[in-house]
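The values are calculated or read from the model by the stated rules, or taken from the named source; none is laboratory data. Because the structure is predicted, anything quoted here is derived from the model rather than measured. Cβ atoms come from the backbone with ideal geometry, glycine included; neighbour counts cover every protein chain shown.
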Amino acid sequence: MNRWILPAIALAGAAIGAAAMVGYDRVAAPDGASRTQIEGVVHDYVLAHPEIIPEAMRRLQDRENGSIVAANRTAITEPFGSAWAGNPKGDVTVVEYFDYNCGYCRASLPVVAQLLKDDPNVRLVYRDFPILAPSSRDAAQASLAAAQQGKYRAFHDALYAAGPVSTATIAATAAMTGVDIGDVDSTAIDAELAKNMDTARKLGLTGTPSWVIGDRVLSGAMPIDELNRAIAAAREG
């Protein structure tokens with residue numbers, strides 16, 4: 001048997017089962033119908049309206065992610081030093097996993113800035129996730145040194161503004177923002193990066209930027225409307 005058949009069957013079963021949860025809200029079963037009859041009605045509805053399956057799968061994925069986020073919430077939402085922005089007592093925490101070599105992360109900078117400007121009750125936590133190049137880790141170590149010295153946001157913005165990441169741009173950014181990259185607790189920085197990598201693995205993150213908002217995990221560069229919807233959903237609980 002083709003090795004993909006069984007996983008495909010399992011996925012299809014999960015999709016139909018998840019879609020059934022959506023279908024229950026959209027179909028009317030006969031009064032006094034048995035469970036088997038109701039399930040049959042829902043089954044037929046799902047087959048007749050397969051467009052609800054993506055929505056159902058998203059709900060299922062959100063539920064599974066919610067359990068993972070809940071089990072690792074401190075590792076996700078508690079910042080390393082000053083690696084945060086916005087309202088420290090905000091009612092919603094937006095977590096961004098990013099890489100300084102990521103063009104989509106760079107493109108997200110104005111979106112994040114607009115979000116913080118428009119919503120005074122958001123706390124943004126930066127999670128260094130250096131996966132794209134060796135220089136990504138060098139940049140992350142320098143930025144976390146800045147976080148230890150209370151200068152994370154200044155270093156973060158300046159390094160992006162400096163252009164492509166290199167030893168020279170990291171050193172120049174550190175000098176410009178007053179960060180002493182020789183005065184660091186390297187053990188704590190290495191532990192932070194290892195924790196971020198481990199948590200990202202548990203969350204199934206494979207690229208940057210990735211976001212955790214409430215119990216939801218989002219991947220890729222997000223328009224501000226999408227981030228706002230996720231924040232509103234987190235506020236609703």
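If I filter the stretch 69-119 down to residues being among the aromatic types (Phe, Trp, Tyr) and out of contact with any Pro (no Cβ under 8 Å at 6 or more places or on another chain), which single residue comes out as farthest from ASN196 (Cα to Cα)?
Among them, the one singled out is TRP84.
Quickly run through the stretch 95-106 and pick out the residues that are touching a residue at least 12 places away in the same chain (Cβ under 8 Å) and part of a helix (DSSP H, G or I).
Across the stretch 95-106, the qualifying residues are TYR104, CYS105, ARG106.
What's the total number of residues in the stretch 208-237 that are modelled with pLDDT under 95 and surrounded by fewer than 15 Cβ atoms within 10 Å (Cβ to Cβ)?
2
For every residue, the table says whether it meets (1) touching a helix residue (DSSP H, G or I) at 6+ places or on another chain (Cβ under 7 Å); (2) in a helix (DSSP H, G or I); (3) more than 22 Å from ASP215 (Cβ to Cβ).
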{"site": "THR93", "(1), (2), (3)": "yes, no, no"}
{"site": "SER108", "(1), (2), (3)": "no, yes, no"}
{"site": "ARG127", "(1), (2), (3)": "yes, no, no"}
{"site": "SER136", "(1), (2), (3)": "no, yes, yes"}
